[in-house]
Amino acid sequence: MTGAPWPVQTGPDAVAEQGRVSALAVRGVRDLQGVTAAHPELFDAAPFDPALLSSVASVVAFIAPWHTADELRITTRTVLWVFAADWQVDYLARSADDVRQVVTDCLAVADGAAPPPGRHLARLLADLRDELTTVPAFARLRPIWRDELARVFAAVSREWDWKNLPTDPTTGRSLPDLDHYLDNSDNSASSFVNVTHWIATGDDRTLALLPDLLDAGRGVQRVLRLINDLATQGRDAEWGDLNALSLVDDPAQVHDRLAELTSRSRRDLAALAERCPRQADYLNRQISFTSGFYQLSDFWGERDE
């Protein structure tokens, strides 16, 4: 991992730096092409198109541009795994038992088990786990990584229930309000990606501050949840996904909450930067990149239905 300060550049030098980061993303795409080729059953649906691979590699390259392509390999592969997990649970699972099977398989892999035959998501997770075992810090921090993974699956299981189970007769509703929806933001797996990234690339200072980084990252995760929802309302309605805008009577509530959460996160990250400037920058860049990206595009390709 690199340790030199990250310079702020303007003018022609900034364009050159953007070119370098773009090349870093290209390296990431080529690696992801190898991953999808090795796991064809997991990535055979139409939404896993070349643009999705490019988008995944780009977001990682632009939020952590001080790393090399080799250093970002685990992070980039983890983001792709998150998309595969989302597809398996949200779009392929037909019952609560299907969801439980995915969760059981993957948590067993996180605990060291071999993936069951034909469980392609678990097999890719095993690949990530095995690569992480080459990182010295992983042996000590593996329980934290496993806990973040469990939080992801608890959140995606809860969202599946919200979308698919009958209305609760005692409350007259099955969908959450906005507060409960945001409390479930671990379903985006941003925090799981972060802890994987920090374990794989972090120096001693970063790893010592891991609890504080995760706390700040969870605030950013809520911001990213709402940025995504405001940009993808049409797709979410078409695909049957939950969206914050569908949970409120006035869209202004979501816009106001996003402004509030963004302001809070920026303040928290400014304080964090006094102790861990690089990782505060990493989290700040998540907000900025996502805000810009969703102005023009989405990660997912078109469904084949």
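Relative to the Cα centre, the charge distribution of segment 15-293, modelled as +1 at Lys and Arg Cβ and -1 at Asp and Glu Cβ, gives a dipole magnitude of about 660 debye.
Phi angles of segment 194-200 translate, via the Karplus equation with coefficients 6.51, -1.76, 1.60 and θ = phi - 60°, into HN-Hα couplings of 4, 5, 5, 4, 5, 5, 6 Hz per residue; Gly and Pro are given as x. The equivalent ellipsoid of the chain has semi-axes of 29, 24, 20 Å, largest first, where each one is the square root of 5 times an eigenvalue of the Cα gyration tensor.
Read the figures in this text as sums done on the coordinates, not as results from a lab. These numbers come from a predicted model, not from an experiment. All Cβ positions, even for glycine, are placed from backbone atoms using ideal geometry, and neighbour counts span all protein chains on display.
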